[in-house]
Amino acid sequence: MTTPGEEETARGSVAPGEDPAGGGSVAPGEGPAARRSVAPGEDEARTNCPASGKGEAGTGSPASGREQAGTSSPAPGQEVPSTSSAAPDRLAERRLHPVTPLRRAWAPVAVLVGWAVHDPDQAQRQLTRLTTTHLLLGLALLIPAAALYGFLTWWFTHYAVTDTELRIRTGLLFRRTAHIRLERVQAIDVTQPLLARVAGVAKLKLDVIGTGKKDELAFLGNDEARALRAELLARAAGLAPETAHEVGEAPSRQLLRVPPRVLAVALLLTGATWGTLIAAALVPTLLWLATHNLWTVLATALPLLGAAGASSAGRFVGEYDWTVAESPDGLRLDHGLLDRAHETVPPGRVQTVRIVEPLLWRRRGWVRVELDVAGSSNSVLIPVAPRGIAESVVARVLPGVTVPAGPALSRPPRRAARCRPLWWRGYGLAVTHTVFAARYGLLSRSLALVPHAKVQSVRRTQGPWQRALRLADVRVDTGANKTVTARLRDADEAAELLRAQAERSRTGRRDALPDRWMA
Amino acid sequence: METGSPDDTGAAGTAKATRDDPVWTGLPPGLLRMRRLLLVVWLGLLTLAAGLLPGLFLGPAWAVLALLPLGLAVWGWAMLERNWRSWRYAERADDLLISRGVLWREETVVPYGRMQLVEVTSGPVERHFGLASVQLHTAAAATDATIPGLDPAEAERLRDRLTELGEARSAGL
């Protein structure tokens, strides 16, 4: 993929294909936005087009867009050049689920509540003055205004799937068009907050580096979200465009399911849970004894209680019924008691895997597995599982990788004790032909694995004290903005490691999966 | 090279033979001149201020305070040279090496295929001294690969070469 080519598709597809009427007004503003100095492999996948809303925003442009999409006028100039195989109806723009406007229905209420909390006296005075007529008048204004706002945002939001992109077009006054390239997809999440579950709708989010909250499709009907996810994954995998439409859900095979009892026990055996609970109980009590000021106590107790709840009950609810399944289009993670989340990580996207072993879990042989995917906020792969099973799942996530056992890790030389007394015992390193594995931590051990193919750069750092002891750190940077560090290695060994790791990460690329893993 | 066995982390001896010794390039003296000038200008002003103000308001003995920034300037003069000497880079067949730092040393290796973006920047002061810096970005934000104080022609040559090599060896995430 070369730079000019990418720009060409991005620009070419926006101007003629999407905006036949206002093409002239869009083009001047768009050129500089799309043009960046880009080197090969640039992952910026979106093209934001802040089109000048002038002459377009208010004048029924959606109607014309709709018309164009529906009838797909076969004028030759309007066809997107690269997607010649796409049948005209495939480019049809779709709208979100009609309940979507309701998701913002609480916003005016929240504003009112916020104002009342912010200024209680004023709010009370206003409330007493409020008569029924005022109230009715206010409601009569507020409800249609909110409804109109919700309706308009829904009306002006469209999405379309092409062979290579998911396009989201939104905005009433400030137009925004995001083109998300499917071969760059790092993960696809379908989440259902509690209320959305009741309504039978779901949110769909594509994780591509650089996408934000704005680029999620909320809400879609449940079945629609599933079908769209399957279609997007099939297209991202490089399946033929004709079949991608109707392949449906790829079959999945369950690898692991965490029983609720195990999860509860595991959370009870976590130090952080108890730490926050004890802090939430102790600190407000002590403060009350010291100050006898209710407000101070409340101000500290509420955040502490919130943190304690999030780290105990919140984690239980979020990680309830955790299921890991494997399918041809990636790894499926389904979890949640109230809010259900269904995450899919396509093959070859995982940048780092961390196997965490808290102190109290060690006797039972349990581990927690975390993963990093670039541009994605998902971080847990397995909340708790026996070590053997966890390792077999890791082997699925990182093909060909065997997790180095404890004895296989080489410790830093003894003189490292003078640099970090005690803690140096926790450090360890193993380099196999597939991964760079570094361990740290004394009580809660954490072993981070980076496949050689995912290494972006390697660094060797050495402070003055380390130099006196002939020690050095080797840092491996990955694309998920995580750095894995092999601490306190012998200086010569570190220099050799730096050189060899650069070599390995270069050759490791050759065996890596292509971006379109089925093409 | 052979990296098959899981315990070859300490196998420094076997690979020594295949090592292609990098050809290091230092930085041109322009950067040192610029940094020293900036140091002299700022600390010179500070010396004046530290000497004059207390000297005038509190009595002549307080003018001794001016020795503090003066000492700092002398120390900085020497330190800047050490730091400048420590910066060096090497273009190898498949990756770029950058080494820097006196007390806190850092050596970075960036494979060409990982480069996402190469930037040449030059501020007003740098332009006056005919300097430009090259910065490499990979998908990892922690990769801090900057070569400061290059000759603009060299910076552009490096940028073009890096881009060209990166394109040839391009790889995704």
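What follows is calculated from the coordinates using simple rules that are stated; it is not laboratory data. Because the structure is a prediction, the values reported are computed rather than measured. For neighbour counting, all protein chains shown are included, and Cβ atoms are generated from backbone atoms with ideal geometry for every residue, glycine included.
Against the empirical 2.2 N^0.38 Å (N residues), the stretch B:88-168 has a Cα radius of gyration ratio of 1.07. Label sites at A:THR132 and A:ALA92, each approximated as a point 7 angstrom past Cα along Cα to Cβ, lie 5.1 nm apart. Calculation over all alpha carbon pairs of the stretch A:349-511 in 5 angstrom steps from 0 returns a P(r) of 2, 9, 18, 22, 20, 15, 10, 4, 0 percent. Here the Debye sum runs over all C-alpha atoms of the stretch A:260-319 as equal scatterers in vacuum, and log10 of I(q)/I(0) at q = 0.28 Å⁻¹ comes out as -1.04.
Kirkwood hydrodynamic radius, computed over distinct alpha-carbon pairs, for the stretch A:267-414: how many Å, to one decimal?
On the way: mean 1/r = 0.0560 Å⁻¹.
Final number for the Kirkwood radius of the stretch A:267-414 is 17.9 Å.
In the stretch B:32-82, Cα pairs under 8 Å separated by at least six residues give a relative contact order of 43 percent.
Sequence-ordered 3J(HN,Hα) estimates for the stretch B:108-115 from the Karplus curve with 6.51, -1.76 and 1.60 and θ = phi - 60° stand at 10, 10, 10, x, 4, x, 8, 6 Hz, glycine and proline given as x. Taking 7 Å steps out from each Cα toward its Cβ at B:VAL102 and A:ALA299 produces label points 4.8 nm apart. Shown is the FRET efficiency for A:VAL198 and A:LEU337, computed with R0 = 22 Å from the Cβ-Cβ distance and rounded to the nearest 0.05: 0.95. Across the stretch B:32-82, Cα-Cα pairs more than 16 Å apart make up 41 percent of the total. Which distance in Å, rounded to a whole number, links the C-alpha centroids of the stretch A:259-308 and the stretch B:51-98? Answer, in whole Å: 50. Summing +1 for each Lys or Arg and -1 for each Asp or Glu among the other residues whose beta-carbon sits under 11 angstrom from that of B:PRO28 gives -1.
Computed over the alpha-carbon atoms, chain B gives an Rg to Rh ratio of 1.15, Rh here being the Kirkwood radius from the mean inverse distance. 222 nm [θ] for chain B, helices only, -39500 (n - 2.57) per DSSP H run of 4+, per residue, to 500? Computed ellipticity for chain B at 222 nm equals -14000 deg cm²/dmol.
D for the stretch A:88-211, whole µm²/s, Stokes-Einstein with Kirkwood Rh over alpha-carbon pairs at 20 °C and 1.002 mPa s: what number?
Details: Rh = 17.7 Å.
Value of D from the Cα-based Kirkwood radius: 121 µm²/s.
Annotation: the stretch A:102-152 has a Kirkwood hydrodynamic radius of 12.0 angstrom, from the mean reciprocal C-alpha pair distance.
Spin-label model, A:TRP155/B:ASP144: points 7 Å from Cα along the beta carbon direction are separated by 5.2 nm. Shielding value for B:99-110 is 6, the average number of Cβ atoms from other chains within 10 Å of each residue's Cβ. Available extension along the chain between A:ARG362 and A:LEU422 is 19.7 nm, counting 0.36 nm per residue and deducting the alpha carbon span. Phi angles of the stretch A:438-453 translate, via the Karplus equation with coefficients 6.51, -1.76, 1.60 and θ = phi - 60°, into HN-Hα couplings of 10, 10, 8, x, 9, 7, 9, 7, 9, 10, 9, 10, 10, x, 4, 5 Hz per residue; Gly and Pro are given as x. So which residue, out of B:LEU46, B:LEU65, B:LEU56, gets the largest mean-square fluctuation from a GNM of chain B using Cα contacts under 10 Å as springs? Evaluated over chain B, the most mobile residue of the options is B:LEU56. On the basis of the beta-carbon distance and an R0 of 22 Å, A:SER392 and A:VAL265 show a calculated FRET efficiency of 0.55.
With R₀ fixed at 41 Å, the C-beta to C-beta distance from B:ALA78 to A:ARG411 puts the FRET efficiency at about 0.55.
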